[in-house]
Amino acid sequence: MKNFNLILAIFVTICFTDIKAQNNADHSVWDQLLILNVSEVGKVNYKGVMKDSSLFYEYFRSLSQNPPTDEWSREEKLAYWVNAYNAIALKMIIDNYPVESINELHDPWKQRFFKVNDKRYSLDDIEHEVLRKFDEPRIHFVINCASNSSPKLLNMAYTAENINEALEKCTTMFINDPSKNTITSSEVKVSKIFEWYKDDFNNGNVVDFINQYANVKINKIPKKGYVEYDWSLNEQL
């Protein structure tokens with residue numbers, strides 16, 4: 001009887017684990033697509049993604065069909081929504097390719113075609129109603145809206161296991177990237193992201209936030225110290 005109870009307990013545990021695994025999003029297809037089609041500097045081979053479009057759309061559908069639940073960890077939810085944002089932006093480009101900028105599309109930030117639990121989300125919805133409510137300012141450096149001034153798209157999917165390390169890595173990379181910000185002893189010009197989302201960074205103390213990551217520390221951001229945003233497509237040529 002003891003052996004039977006042990007076997008039954010193991011069987012229930014395995015079944016429960018399998019069910020839980022099936023209910024959580026699998027980002028492995030997205031990971032492979034990014035490895036194959038995104039360069040080390042974050043440029044995207046959109047034509048390459050289009051060649052593998054069946055896999056991409058399969059992943060996109062899986063996101064919609066396996067939404068976060070209350071049982072998911074904070075890291076699982078965060079990884080899910082960041083991947084969803086980046087996948088939606090990429091989908092909008094390949095659905096309308098060729099384009100020179102996401103802004104060529106009709107109202108790209110408000111289009112609600114990503115359906116989760118009978119609710120439709122746009123890029124704006126995900127950014128403002130979901131991601132910013134994590135109270136995590138570093139999310140601004142892992143979401144990519146298919147433009148050259150955006151934080152670069154990494155050639156890997158985010159997961160519960162790597163999201164915290166990625167947030168720190170991507171924030172450090174973005175702030176010290178001279179193509180995104182000029183932070184030297186003689187000149188300070190930073191991304192519009194720090195102006196648009198000022199309140200997200202240390203309750204508006206943007207300088208202190210930047211100095212946590214910058215190789216060169218700054219005292220202030222000049223009145224005209226914001227770089228004009230380049231919305232041209234982040235395409236690998």
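The values are calculated or read from the model by the stated rules, or taken from the named source; none is laboratory data. Just so it is clear, the model here is predicted, and its values are computed rather than measured. Heads up, the Cβs are rebuilt from the backbone with ideal geometry, glycines too, and the neighbour counts pull from every protein chain shown. Surface areas here come from the heavy atoms of the whole protein model, side chains and all, with no ligands, DNA or RNA. Shrake-Rupley method; radii C 1.70, N 1.55, O 1.52, S 1.80 Å.
Overview of values
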| quantity | calculated |
| --- | --- |
| Computed P(r) (all Cα pairs; the chain; 10 Å bins; percent) | 7, 29, 33, 18, 7, 3, 1, 0 |
| Separation between Cα centres of the stretch 161-237 and the stretch 62-129, rounded to whole Å | 24 Å |
| The chain, accessible surface, carbon-and-sulfur percent (1.4 angstrom probe) | 50 percent |
| Gyration tensor (Cα) of the stretch 112-188, equivalent ellipsoid semi-axes in angstrom | 27, 15, 12 |
| Mean ellipticity per residue at 222 nm, deg cm²/dmol - from DSSP H runs of n ≥ 4 across the chain, formula -39500 (n - 2.57) | -12500 deg cm²/dmol |
| Ranking by accessible area, most exposed first, for SER28, SER185, SER101 with a 1.4 Å probe | SER185, SER28, SER101 |
| Trypsin sites (Lys or Arg not before Pro) restricted to DSSP loop in the stretch 66-157 with at most 12 other C-beta within 10 Å | LYS110, ARG112 |
| Surface accessible to a 1.4 Å probe, per residue, for the residues of the chain, Å² | 55 Å² |
| Restricting the stretch 150-216 to chymotrypsin sites (Phe, Trp or Tyr not before Pro) in coil, as DSSP defines it, with at most 12 other Cβ within 10 Å | none |
| Proximal lysines relative to LYS91, as straight alpha-carbon distance under 18 Å, when same-chain residues fewer than 8 apart are discounted | LYS43, LYS47, LYS51, LYS110, LYS115, LYS152 |
| Proximal aspartates and glutamates relative to LYS217, as straight alpha-carbon distance under 12 Å, when same-chain residues fewer than 8 apart are discounted | GLU187, ASP208 |
| Percent antiparallel among DSSP beta bridges (both partners in the chain, rounded to 5) | 75 percent |
| Loop GluC sites (Glu not before Pro), the stretch 29-73, which have at most 14 other Cβ atoms in a 10 Å radius of their Cβ (DSSP) | GLU40, GLU71 |
| Cα-based radius of gyration of the stretch 73-138 once divided by 2.2 N^0.38 Å, which approximates compact folds | 1.17 |
